[in-house]
Amino acid sequence: MKTTIFKHKLLYFFIILGFAVIFNSCSDDDDDDFQTFLEKYDGTKWVYTEDEFTFYVRLNDNPNKFIESWILIDDCYFYSVDFESEGVELVENSKDKLIIKYTDEGEIITVTLTPQGETIRVVVKEGNDEDLYLFVKTSVNVDDLEICPV
């Protein structure tokens with residue numbers, strides 16, 4: 001009789017121990033894998049071309065230099081660190097969206113970047129005007145582009 005009770009207690013102990021291990025080992029890993037837009041696309045380069053207009057950008061996970069740009073002018077590129085001034089506010093840097101608000105002399109420009117496969121959709125809104133640009137991922141080494149003399 002004592003042996004049977006002991007076996008049942010041992011069986012219950014292992015069942016409870018098994019459930020405890022199972023429930024404690026299950027966790028939501030999505031929180032650990034969360035990356036902001038700038039973390040996810042850090043160092044990536046994108047290009048927008050239309051007719052003879054070429055515009056490269058590089059995204060950086062750096063609050064002081066989160067977007068660098070190279071715009072083709074004649075035979076060289078004008079380099080700029082966009083949104084580096086005091087009138088810039090990083091409104092949202094979530095998993096799939098980057099929103100930047102730029103204020104200059106009362107004018108407010110909002111730039112929204114969202115990924116769409118191998119492209120980034122860029123919406124520039126100024127007042128009631130809204131422009132859409134699709135930047136395509138590129139492997140061009142933007143550091144090797146010829147910068148226009150200042």
Just for segment 93-113: of the residues that are assigned to a strand (DSSP E or B) and loosely packed, with under 15 Cβ neighbours inside 10 Å, which one is modelled with the lowest pLDDT?
ASP104
When both residues are 6+ apart or on different chains and their Cβ atoms are under 7 Å apart, which pairs have a first residue that lies in segment 125-150 and is under 20 Å from THR44 (Cβ atoms), and a second that is open to solvent by 90 Å² or more (accessible area, probe 1.4 Å)?
VAL136/GLU118; LYS137/GLU118
LEU90 meets each of (1) loosely packed, with under 13 Cβ neighbours inside 10 Å; (2) without any contact (Cβ under 8 Å) to a residue 60 or more places away in the chain with one exception, condition (1)
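Can you give me the number of residues within segment 114-148 that are hydrophobic (A, V, I, L, M, F, W, C), in a strand (DSSP E or B) and either farther than 20 Å from PHE37 by Cβ or more than 19 Å from the chain's Cα centre (by Cα) (or both)?
Adding up the residues that qualify gives 1.
The values are calculated or read from the model by the stated rules, or taken from the named source; none is laboratory data. Here the structure is a predicted model, which is why all the values come from computation and not from measurement. All Cβ positions, glycine included, derive from the backbone under ideal geometry; neighbour counts span all protein chains shown. To get the accessible areas, we keep the full protein, side chains included, count just its heavy atoms, and leave off ligands, DNA and RNA. Shrake-Rupley method; radii C 1.70, N 1.55, O 1.52, S 1.80 Å.
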